[in-house]
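Worksheet for the structure shown next.
The values are calculated or read from the model by the stated rules, or taken from the named source; none is laboratory data. Since the structure is predicted, the reported quantities are computational estimates derived from the model, not experimental observations. So basically every Cβ, Gly included, is an ideal-geometry build from the backbone, and we count neighbours across all protein chains shown.
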């Protein structure tokens, strides 16, 4: 490749991030397949709007994965937060103090959920996948109790109307909230001692503890952040829909975890970036939107996402020295040679 082209700032970014290249290729492919309908201002804003919710969840859930765990309760925290906010406003009214209380309680539920998970997972040898899978169902049970298994409509709440309906410079408010969350997570992970410790604990907890890293505290904080961000996403989702329900955000955790894995965050912990995870969210969002526009039946969407996750995990495992897949690929290369 020409040296001048190689040193071009744009080319450096592209060459250093294969996911960005894949994203651009997908945009071009769907634009061609939809005769230009995909690459329109309105559709791109729709993708941004849809991805923003997952993006907020990702900025928290990535902490749990990086520290060597997983958090499948992001959807349950979102549903509980939305239900608590809606019920508080419904019973107390839409006054400024009441709305502030509702938001505080909603976000507090998410932080409390994260605190409980963090305390358990940092002290006991329980698989995070199984624990959070089970407690996610518990959270949805609580939501059913809080809402009476009914749709709870939120009317005449100025703040929630503003977040759900207003646009700045043509871009929905939830997108700006996602950007703020991404900036927060990026700064914490890349420019703080805690961020460095997260990668250390996720890479090798025993070694980190021997080096004096407070692994229990770091795991606890990671799950609190994850719970809080899940709850924030629930508040934003309720603002978008102007309602809360017992099934709100159901199964969103699958897309969140898919985006994190596709974005290059290792499920083994200790490796990956928040910007990669967000790129993964956009890849999932672009694929979902593109499939809808070209008329792929919705029943195939989850199947395709599942295949993407399998491919991403396979690539991740293939990079681990000593893993069965890595050993197989090495033997295959030797045979070819």
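From the list 265, 261, which one is closer than 18 Å to residue 74 by Cα, without any contact (Cβ under 8 Å) to a residue 60 or more places away in the chain and buried (at least 21 other Cβ atoms within 10 Å of the Cβ)?
Numbers: 265 fails: without any contact (Cβ under 8 Å) to a residue 60 or more places away in the chain.
Just a single option satisfies the conditions, and that option is 261.
Testing residue 251 on (1) crowded, with 24+ Cβ neighbours inside 10 Å; (2) closer than 14 Å to residue 139 by Cβ; (3) out of contact with any strand residue (DSSP E or B) (no Cβ under 6 Å at 6 or more places or on another chain), one condition comes back false. Which one is that?
(1)
For residue 164, which of the numbered conditions (1) under 24 Å from residue 74 (Cβ atoms); (2) out of contact with any strand residue (DSSP E or B) (no Cβ under 9 Å at 6 or more places or on another chain) fails to hold?
For residue 164, the exception is condition (2).
Would it be correct to say that residue 118 is in contact with a helix residue (DSSP H, G or I) (Cβ under 8 Å, 6 or more places away or on another chain), closer than 21 Å to residue 56 by Cβ and at pLDDT below 90?
Numbers: in contact with a helix residue (DSSP H, G or I) (Cβ under 8 Å, 6 or more places away or on another chain): yes; closer than 21 Å to residue 56 by Cβ: yes; at pLDDT below 90: no.
So residue 118 does not fit the description; no.
Have a look at 272, 276, 285 and point out the one that is buried (at least 22 other Cβ atoms within 10 Å of the Cβ), out of contact with any strand residue (DSSP E or B) (no Cβ under 7 Å at 6 or more places or on another chain), over 29 Å from residue 161 (Cα atoms) and modelled with pLDDT of 85 or more. Write out each step before concluding.
Values: 276 fails: buried (at least 22 other Cβ atoms within 10 Å of the Cβ); 285 fails: over 29 Å from residue 161 (Cα atoms).
One residue alone meets the criteria, 272.
Return yes when residue 80 is over 13 Å from the mean Cα position of the chain (by Cα), closer than 25 Å to residue 158 by Cα, modelled with pLDDT of 80 or more and surrounded by 14 or more Cβ atoms within 10 Å (Cβ to Cβ) and no when it is not. If you could, list the steps in order and put the result at the bottom.
Details: over 13 Å from the mean Cα position of the chain (by Cα): yes; closer than 25 Å to residue 158 by Cα: yes; modelled with pLDDT of 80 or more: yes; surrounded by 14 or more Cβ atoms within 10 Å (Cβ to Cβ): yes.
Judged against the criteria, residue 80 is a match.
Given the criterion surrounded by fewer than 24 Cβ atoms within 10 Å (Cβ to Cβ), within 15 Å of the chain's Cα centre (by Cα) and modelled with pLDDT of 80 or more, identify the matching residue among 54, 49, 41.
Details: 54 fails: surrounded by fewer than 24 Cβ atoms within 10 Å (Cβ to Cβ); 41 fails: within 15 Å of the chain's Cα centre (by Cα).
That would be 49, the only listed residue that is surrounded by fewer than 24 Cβ atoms within 10 Å (Cβ to Cβ), within 15 Å of the chain's Cα centre (by Cα) and modelled with pLDDT of 80 or more.
Could you check residue 96 against (1) modelled with pLDDT of 90 or more; (2) surrounded by fewer than 24 Cβ atoms within 10 Å (Cβ to Cβ); (3) closer than 29 Å to residue 165 by Cβ and say which number it fails?
So the condition that residue 96 fails would be (1).
Keeping to the stretch 19-36, report how many residues are farther than 22 Å from residue 278 by Cα and touching a helix residue (DSSP H, G or I) at 6+ places or on another chain (Cβ under 6 Å). Give the derivation first.
Within the stretch 19-36, the first condition is being farther than 22 Å from residue 278 by Cα, and the residues that meet it are 32-36.
If we keep only those that are touching a helix residue (DSSP H, G or I) at 6+ places or on another chain (Cβ under 6 Å) as well, we get 34.
Final tally of qualifying residues: 1.
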